[in-house]
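> I'd like to ask you about the structure that follows.
The values are calculated or read from the model by the stated rules, or taken from the named source; none is laboratory data. Every value quoted in this text rests on a predicted model; they were computed, and no experiment measured them. Because the Cβ atoms are built from the backbone with ideal geometry, glycine has one as well, and the counts that use them run over all protein chains shown.
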4 protein chains.
Amino acid sequence: MQAKFTATEMMDYLEEVFPQIRSDFRVEHLDGETVTMRMLIGDRHLRPGGTVSGPSMFALADVAAYVATMAPIGREALAVTTNISMDFMRKPAAGADLIAQAKLLKLGRALTVTDVLVYSEGEEKPVARATLTYSIPPRR
Amino acid sequence: MQAKFTATEMMDYLEEVFPQIRSDFRVEHLDGETVTMRMLIGDRHLRPGGTVSGPSMFALADVAAYVATMAPIGREALAVTTNISMDFMRKPAAGADLIAQAKLLKLGRALTVTDVLVYSEGEEKPVARATLTYSIPPRR
Amino acid sequence: MQAKFTATEMMDYLEEVFPQIRSDFRVEHLDGETVTMRMLIGDRHLRPGGTVSGPSMFALADVAAYVATMAPIGREALAVTTNISMDFMRKPAAGADLIAQAKLLKLGRALTVTDVLVYSEGEEKPVARATLTYSIPPRR
Amino acid sequence: MQAKFTATEMMDYLEEVFPQIRSDFRVEHLDGETVTMRMLIGDRHLRPGGTVSGPSMFALADVAAYVATMAPIGREALAVTTNISMDFMRKPAAGADLIAQAKLLKLGRALTVTDVLVYSEGEEKPVARATLTYSIPPRR
């Protein structure tokens, strides 16, 4: 599939629909199937000890899958998360940004399914993996 | 199982290990098997339109399962989330706190499994459900 | 919700749409929200050592959630499994039937979500839990 | 990681521990990280209409993840499935074998996590995906 957004257009769109997260995320790459997204880690994302919190990793996986879903569909659609499964496999490196690699596995009329691997920047092995289902309500 | 914490002792323990979330959660009930936890919803938990964000619902499910896991084990243990599956079923009511009802289904030596239902306060049908696995590393 | 099938009508319907499983399952109870289903365990469901295999437990959870979905909708609809998360928590008792207790948590126009607990007959603690999403394609 | 089995040795081992599934599966490739496994589809795996049943796809994902887990550990260990999440994304092609591509994402002392994509042979897009956690009990 062809993407209907460039990375810059997607950033503008995210700021419009989710203004409160604008400073946390950067779309580094998108095409119609894959997305690379960076989470700029700050103190508000950390647990004691300096490791990134679970809700922050969830937020990154969720927005990466949202971008993977919207890229080939375009901005006229709505999409809401209906299901996530997520495995936390390693402790994120202290002081490193997180990088999500998302891949759209299914683009149906009503549902999309996206796989996401989350890495601490510079590390070879993923800290977490997730699969998300987005529901695309019919247009009225 | 008997709980090794009262609700008040658990609140003190959460403030000690997760100081940054102290103002968000209240343990309303705990025994050795079930937990009721309130999330005090503020602007930082909301999406445009006033609905509670996915990461906030994740955070509530995660902390409720953590409390259900620690209650019968006691404070000498560590516990880390290894897996979550979560279904988002309805839009949370605007302006209402969220209430999580957690039930510990398995208390093993190495793993626990907890089911969580999340409600908008005063509503009969759940807005989300989750199941979480916590890993309890062996003591050294 | 009111059920559109009795337990006997549902058994007849299952035999019509899934003839190959007719001898494995019994609907013991259904209303518009909950289902109790028995799996009659035979040698073909067992692993060496006499314990019920994972695919057999999956099959039971899947058919129990299917029945919970179809009960309030009626036989004119289609429903296909789109997602399952399942936790295997204890070893099933050798020589005992399995009993599934299913509860329909969401009945939407396009999706249903059902929680299932699986027990060895006569045991208090569940051997497994599952949550299943069924998709209901729009009628043509 | 280095594999402690060749594909042929793994087939022998599977026949020893799971004799009832010997005729269903072929290990086509394994190294210490990835596995390719074929499911030889016969009538017993089919639903009316000729499509492969959900429990059969579950069985394939489960055994592929088991092989991915055991390959780098060796035959002295035990491993039991504790969690699966699985998405059914497309209808399998009638009359085609299924091919699973498994990748071991985490090899811990107590837990492994494996991603599996399932394809109808000859098709480009997966029919299903799954992630499985295996627990490795401590040796006595």
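> Checking the structure you have, find out if any residue of the stretch C:46-55 is within 13 Å of chain D (Cβ to nearest Cβ) and more than 19 Å from C:Val118 (Cα to Cα).
yes
> Can you name the residue in the stretch B:85-106 that is farther than 24 Å from A:Ser135 by Cα, assigned to a strand (DSSP E or B) and charged (D, E, K, R) and is also nearest to the other protein chains (Cβ to nearest Cβ) among such residues?
Top of the filtered list is B:Lys106.
> For A:Phe88, are the conditions met, namely being under 30 Å from B:Pro19 (Cα atoms), in contact with a strand residue (DSSP E or B) (Cβ under 7 Å, 6 or more places away or on another chain) and of a type in the set (Phe, Trp, Tyr)?
Considered against the rule, which asks whether it is under 30 Å from B:Pro19 (Cα atoms), in contact with a strand residue (DSSP E or B) (Cβ under 7 Å, 6 or more places away or on another chain) and of a type in the set (Phe, Trp, Tyr), A:Phe88 comes out as yes.
> Being within 28 Å of C:Val17 (Cα to Cα) and either away from chain A (no Cβ under 14 Å) or of a type in the set (S, T, N, Q) (or both), is that true of even one residue in the stretch D:68-80?
No: the stretch D:68-80 contains no residue that is within 28 Å of C:Val17 (Cα to Cα) and either away from chain A (no Cβ under 14 Å) or of a type in the set (S, T, N, Q) (or both).
> So B:Ala128 passes all but one of these: (1) over 11 Å from the mean Cα position of the chain (by Cα); (2) facing another protein chain (nearest Cβ under 10 Å); (3) surrounded by fewer than 24 Cβ atoms within 10 Å (Cβ to Cβ). Which condition number does it fail?
(3)
> Here's a check for you: in the stretch A:24-82, which residue that is basic (Lys, Arg) and part of a loop (DSSP other than H, G, I, E, B) is nearest to B:Pro55 (Cα to Cα)?
That would be A:Arg47.
> Being under 24 Å from B:Thr131 (Cα atoms) and among the small types (Gly, Ala, Ser) narrows it down to one of D:Ser120, D:Ser135, so name that one.
D:Ser135
> Let me ask something additional. Can you tell me which residue in the stretch A:115-125 is nearest to C:Ala110 (Cα to Cα), limited to those that are more than 10 Å from chain D (Cβ to nearest Cβ) and assigned to a strand (DSSP E or B)?
In this case the residue turns out to be A:Val116.
> Is there any pair linking a residue in the stretch D:62-86 that is over 25 Å from B:Asp115 (Cα atoms) and at pLDDT below 95 to one that is of a type in the set (Phe, Trp, Tyr) and outside any strand (DSSP E or B), with Cβ under 9 Å and at least six apart or on different chains, and which?
That search, which allows pairs on different chains as well, returns D:Gly74/D:Phe5; D:Arg75/D:Phe5; D:Arg75/D:Tyr13.
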